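The following block contains the structure, expressed as structure tokens.
Quick note: the coordinates plus some simple rules give every number you see, no bench work behind them. Values in this document were obtained by computation on a predicted structure and should not be read as measured data. All Cβ positions, even for glycine, are placed from backbone atoms using ideal geometry, and neighbour counts span all protein chains on display.
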Amino acid sequence: MDKIDILSLSREELTAELTAMGEKAFRAKQIYDWLHVKKVSDFSQMTNISAQLRNMLEEKFCLKSLIIKKRLVSGIDNTVKYLYGLPDGEAVETVLMEYKHGNSLCISTQVGCRMGCRFCASTIAGFVRHLLPSEMLLQIYETERDSGRHVDSIVLMGIGEPLDNFDNVMKFLSLVNSEGEGMSLRHISLSTCGLVDRINELAEMKTGLTLSISLHAATDEKRSSIMPINKKYNLEQLMKACRDYFAKTGRRISFEYSLIEGVNDTEESANELIRLLGGMLCHVNLIPINEIRERDFKKSRYVERFRKRLTDAGINATVRRTLGADINAACGQLRRDDGASEEAVD
């Protein structure tokens, strides 16, 4: 019989499992606190429950862990990039970033990605599998243990498309938000390439999440050429979903726009973006693209000119601060160099 992944259980689910074993309900709270507040890595560390119950937990549940396969520390800004090994031998990346407002952690939500964005290293080897809620949580817990730093905010912007792993991501968010010292979902950003059906579902849930849209082009022709998802959900559908999200949640949308030399960084491209976003309360996050050896895309030389054109038109636009430049902190490259799974599928 497969053991139950205890870190992926909600407090209510854990209580139901414990009472079915004949234990008092208060034991579930004790165990839940050990898992999500004290963040122990082994049942033997739960010192205020009996050895007999610890043995029973060992028999019925598994307590997953990650191993640090690689750790790169920036000598410029204290950014730390981890390649975490998963229990099945796969690997994902996690990046710890230091800001004035606190420490932010960029986590992965899938092993690989099937969205096929042409400028992204994460998708080159294809999709392997979804991450479980526990495997997302452990990226936080293991990073805090190793770094000695508290994670103040989370960005779901690592390897994978979060809304393609919708149920597990929602369960993860519930666990992060409800555990003993829970993080407000207002301190969590979710980045998506534009799965419109899931954006609409997220809007109805009114979670308080900050939604970031990977836009990268302002016409269907350009966007479809670099982002295949646009062939399923075009810009008209995507922008309607974004406006509906703001109307239902009151949360300003952030648009990510990676500037690629000669592709989407021209004055014409800026004007197209101005027309697309005109009248919308939003923020544009301009990103100097990370060059990868499998693609011939080049980093734009006109980032500041592009930003000024947007701001002159009344659009709130900033250039993303580059962190961990000396360790290639953009997601996907460390896993790729380590050797992606041969079982990946398109």
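Quote the relative contact order of segment 169-311 in percent (integer), defining contacts as alpha-carbon pairs under 8 Å separated by 6+ residues.
Rounded, it is 21 percent for segment 169-311.
Given a Förster distance of 41 Å, report the FRET efficiency between E268 and N78 from their Cβ-Cβ distance, rounded to the nearest 0.05.
0.55
At 7 Å along the Cα-to-beta-carbon direction for both K248 and T47, put a label point, then send me their distance in nm to one decimal.
Label-label distance for K248 and T47, simple model: 4.8 nm.
Per-residue ellipticity at 222 nm for the chain, helices alone: DSSP H runs ≥ 4 residues times -39500 (n - 2.57), over residue total, nearest 500 deg cm²/dmol?
-10500 deg cm²/dmol
Can you compute the charge dipole magnitude of segment 4-62 about its Cα centre, using +1 on each Lys and Arg Cβ and -1 on each Asp and Glu Cβ, nothing else charged? Give it in debye, rounded to the nearest 20.
That gives segment 4-62 a dipole magnitude of about 240 debye.
On to the next question. Who wins for biggest fluctuation among A121, A313, A20 in a Gaussian network model of the chain, springs between alpha carbons below 10 Å?
A20
Next question. Which listed residue (I76, N200, A247) has the Cα farthest towards the positive end of the charge dipole for segment 67-338, taking +1 on Lys and Arg C-beta and -1 on Asp and Glu C-beta about the Cα centre?
A247
Stokes-Einstein at 20 °C, 1.002 mPa s, Kirkwood radius from Cα pairs: D for segment 116-261 in µm² s⁻¹?
In µm²/s, the coefficient is 132.
Roughly speaking, what is the stretch gain from Y99 to E221, that is 0.36 nm per residue apart minus the C-alpha to C-alpha distance, in nm to one decimal?
Stretched fully, the Y99-E221 segment lengthens by 40.2 nm.
Moving on to the next point. At 0.36 nm per residue, and after removing the present C-alpha to C-alpha distance, how many nm does the segment from K3 to D146 gain when stretched out fully?
In short, 48.8 nm is gained.
Can you tell me the mean projection area, over all orientations, of the convex hull of the chain's alpha carbons? Units nm², please.
Average of the hull's projected areas for the chain equals 18.0 nm².
Sticking with this one: Residue separation times 0.36 nm, minus the C-alpha to C-alpha distance between F26 and E13: what's the value?
Additional length available on full extension: 3.4 nm.
I would also like to ask the following. Could you work out how far helix 196-205 tilts from the main Cα principal axis of the chain, as a 0 to 90 degree angle to the nearest 10?
For 196-205 against the chain, the angle is about 50 degrees.
Let me ask another. Which residue, M46, M280, M56, has the most motion in a Gaussian network model of the chain that connects Cα atoms within less than 10 Å?
Per the Cα network of the chain with a 10 Å cutoff, M56 tops the list.
Also, I was wondering about something else. Mean 1/r over all different Cα pairs, inverted: what Kirkwood radius does segment 4-62 give, in Å?
11.3 Å
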